[in-house]
Amino acid sequence: MIKYDVLIIGAGIAGLYSAMNLPENKKVLVVCKDIPWECNTFYAQGGMVTALDENDIPLHIEDTMIAGAYHNKKEAVEILSQTSLDTTSDIISRGMEFDTDENGNILYTKEAAHSTGRIVHAGGDATGRYMHYFMMVQNKHKLQRNTLVYDLLIEDGRCYGVKALVNYQHQTIYADDVIIASGGVGSLYEYNTNSRTVSADIHGICVEKGIELRDMEMMQFHPTVFVKTPFARKLLLTEALRGEGAWIVDKNGRRFLFDYDDRGELASRDIVSRAIFNHKRETGEDAYLDFSMFEQKWFHNRFPNITRTFEAIGYSFPKDRVPISPAFHYAVGGIKSDLDGCVEGIDGLYVIGEASSTGVHGANRLASNSLLEGVVFAKRATQHILGKEHKELKIPIFDKEYKNIVHQEKDRVYKHRLRKIMWEDMGIVRTRAGLLKAKNIIYDMKNREIGRLLELRLNTASAIVEAALKRKESLGTHYIEK
Ligand SMILES: Cc1cc2nc3c(=O)[nH]c(=O)nc-3n(C[C@H](O)[C@H](O)[C@H](O)COP(=O)(O)OP(=O)(O)OC[C@H]3O[C@@H](n4cnc5c(N)ncnc54)[C@H](O)[C@@H]3O)c2cc1C
């Protein structure tokens, strides 16, 4: 029998920072699907929020609450901001190098809906990549790749471990404590900016086990994405570009965002996304991100990744403007957790990072608060685990076998159908008729011969559509047309 003290599902920022905070004498296993750098953390560009000092905390809290349409859990937001002073200095003291000026002072950038520049970044626009690498190196515990968790072992209000495919072989892994750090739901959507490993499997297991998901109608769309590529993951143009002064323009170069909000390009994401969506719907024309105001050397230095990636597909920045569209970006809602990452009603089960709903983001996430949420609540969950008493567990027998029903032949066709419905009917602008149509199609697919993984995706999609149907009025990222 394989048994660990702590099993962490996911090797993004939340999973790795939990591992970094668990002592070496604990038997810890971190698992991830595929390769470890296939995760949203790796793709994060703009940076991580940190309160600048004690004086900035109330301002950061207020900015977060305004972006979240005051649907946020205030206590969680306070914890997020207050703890950021400790977690950011902890990461820096362990050796993480954020970008600095020539005198070694940290450079803070500003993004949409922040009242001041309080975002640290690394490698210019490669913050996620740098932080992920740093945490991979810092992690002293075993990390197992190619491990796909497809069931949680839960009985009588206790979690005992997971069932997983490890290099395509079925395995049962037991643990005293299981931390879910499996990220969001990106692969459910036709157009998304997410890693291919982020496909809502664990959310789907929770739906099946009656574990509460919260605010699932709150799905955030990033306004500035280049979607004209053949790959599922579309190319994000970070919010920091607008923070630094890039414009959103129509084909004639007019900054039409001011027709929608006085803050123009710096309005919150939901407003900017809907404005672009409306512009395209009403005019039938593209919207563009325009960088022509930037000096070339400065731009290439500040945004080296974006410059290189787009150069490879024929764009020369900052001279060329690029056509943009919104795309699914971030799951604001998730598996409900308390302020220590505990899943209520299930002993030994925690959830952190994008997979969770701590209530921090309310109805809409403030830019760059998610890397911060990952570290803050990872720290709190590990403190909770280390601080509690552990009794010897008598493990029940979990003998349900899945064999080869993990995938079925027609799953691929249904998966694509699901992604299309999610984009069209549970996207930026929703209607009751569209939601009901989506609900029926999902229900129909669930009753077909499908594999376990598709079943889990459909469970999560159902949770999103049900939550969207329940909320009759628009709020934050949930926008419903009559
Ligand atoms: C393009 C892009 C840019 C972004 N930019 C920023 C930014 O600048 N600032 C910011 O704050 N946020 C940003 N975000 C959001 C942020 O990156 C994520 O919210 C955050 O990194 C999520 O971290 P996580 O640890 O919760 O999950 P992830 O980093 O997504 O990690 C999920 C992990 O779970 C594993 N996993 C999933 N399912 C299973 C399963 N069934 N079995 C086993 N393992 C599983 C995956 O393999 C992966 O290792 C961005 C996101 C994207 C996509």
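Since every read-out is calculated from the coordinates, none of them should be taken as a lab result. All figures in this text were calculated on a predicted structure; none of them were measured in a lab. For neighbour counting, all protein chains shown are included, and Cβ atoms are generated from backbone atoms with ideal geometry for every residue, glycine included.
As an exercise, use a Förster radius of 22 Å and the Cβ-Cβ distance of Asn25 and Glu389 to find the FRET efficiency, rounded to the nearest 0.05. That gives a FRET efficiency of 0.80.
Over all pairs of distinct alpha carbons, what does the Kirkwood formula give as the hydrodynamic radius of region 20-178, in Å? Numbers along the way, then the final one.
Working: mean 1/r = 0.0546 Å⁻¹.
Across region 20-178, the inverse of the average 1/r is 18.3 Å.
When +1 charges are put on Lys and Arg Cβ atoms and -1 charges on Asp and Glu Cβ atoms, the dipole computed for region 394-479 relative to its Cα centre reaches about 140 debye.
Express in nm, to one decimal, how much length is gained between Gln296 and Lys482 on full extension, taking 0.36 nm for each residue of separation and deducting their alpha carbon distance.
Working: separation 186, 0.36 × 186 = 66.96 nm, distance 4.61 nm.
My answer for the length gained is 62.3 nm.
Distance from the Cα centroid of region 433-475 to that of region 54-91 is 33 Å (rounded to whole angstrom). The trypsin sites (Lys or Arg not before Pro) of region 327-433 that meet both conditions, a loop assignment by DSSP and at most 16 other Cβ atoms within 10 Å of the site Cβ, are Lys388, Lys391, Lys394, Lys400, Lys410.
Ranked by Cβ crowding within 10 angstrom, fewest neighbours first, how are Leu152, Leu339 ordered? Write down the numbers at each step before the final one.
Numbers: Leu152 23, Leu339 17.
Fewest to most other Cβ atoms nearby, the residues stand as Leu339, Leu152.
Computed about the Cα centre, the dipole magnitude for the chain is approximately 1580 debye when only Lys and Arg (+1) and Asp and Glu (-1) carry charge, each at its Cβ. Taking the C-alpha atoms only, the angle from helix 369-387 to the longest principal axis of the chain is near 20 degrees.
Counted over the chain, the DSSP beta bridges are approximately 60% antiparallel.
Placing unit charges on C-beta atoms (Lys and Arg positive, Asp and Glu negative, everything else neutral), compute the dipole magnitude of region 222-329 about its Cα centre in debye, rounded to 20. It would help to have the intermediate numbers written out before the result.
Values: 17 positive and 15 negative charges, 68 e Å.
I would put it at about 320 debye.
As a test of the formula, what do you get for the chain when each DSSP H run with n ≥ 4 contributes -39,500 (n - 2.57) and the sum is divided by the residue count, at 222 nm and rounded to the nearest 500 deg cm²/dmol?
Working: 14 runs with 169 residues, N = 482.
For the chain, the value works out to -11000 deg cm²/dmol.
Taking one quarter of the surface of the convex hull spanned by the alpha-carbon atoms of the chain gives a direction-averaged projected area of 22.2 nm².
Note on the chain: dipole from Cβ charges, positive end direction compared against Cys206, Gly104, Ala67; the farthest Cα belongs to Cys206. Label zone (Tyr70, point 7 Å along Cα-to-C-beta; backbone nitrogen cut-off 18 Å) within region 262-283: 268.
In terms of surrounding Cβ atoms within a 10 Å radius of their Cβ, Ile13, Ile441, Ile173 rank from fewest to most as Ile441, Ile173, Ile13.
Between Arg432 and Glu54, the modelled labels are 5.2 nm apart [label points 7 Å from Cα along Cα→Cβ].
For region 208-289, GluC sites (Glu not before Pro) are listed when DSSP marks them as loop and at most 13 other Cβ atoms sit within 10 Å of their Cβ; the list is Glu285. In region 222-329, a dipole from Cβ-located charges (positive for Lys and Arg, negative for Asp and Glu) runs towards its positive end, and of Val272, Trp247, Val322 it is Val322 whose Cα lies farthest in that direction.
Exposure proxy shown here: for Glu54, Glu389, the number of other Cβ atoms within 10 Å sets the order, fewest to most, as Glu389, Glu54. If you take the Cα centroid of region 162-229 and the Cα centroid of region 267-314, the two points sit 28 Å apart. Under the combined filter of DSSP loop state and at most 11 neighbouring Cβ atoms within 10 Å, region 126-226 retains these chymotrypsin sites (Phe, Trp or Tyr not before Pro): Tyr168.
Along the charge dipole of region 362-460, pointing to its positive end and built from +1/-1 on Cβ of Lys, Arg, Asp and Glu, which listed residue (Leu386, Ile397, Asn440) has its Cα farthest out? Value computed over the given set: Asn440. Which entries in Lys27/Lys388; Lys163/Lys439; Lys228/Lys439; Lys3/Lys379 show an alpha-carbon gap greater than 20 Å? Where the Cα-Cα span goes over 20 Å, the pairs concerned are Lys163/Lys439; Lys228/Lys439; Lys3/Lys379.
Round to the nearest 10 and give me the degree value, 0 to 90, for the angle of helix 432-446's Cα axis relative to the longest principal axis of the chain. Roughly 40 degrees between the two axes. For Lys319, the aspartates and glutamates whose Cα comes closer than 12 Å to its Cα, not counting residues fewer than 8 places off in the same chain, are Asp290, Glu295, Glu311.
Stokes-Einstein diffusion for region 411-451, with the hydrodynamic radius set to the Kirkwood value over Cα pairs and evaluated at 10 °C in a medium of 1.306 mPa s, equals 151 µm²/s.
What percent do you get for the relative contact order of the chain when only Cα pairs under 8 Å and 6+ apart count? Here the relative contact order equals 22 percent.
Computed on the Cα trace of region 122-226, the radius of gyration divided by the Kirkwood hydrodynamic radius gives Rg/Rh = 1.00.
Here region 222-329 yields Rg over Rh of 0.94, to two decimals, using C-alpha coordinates and the Kirkwood radius.
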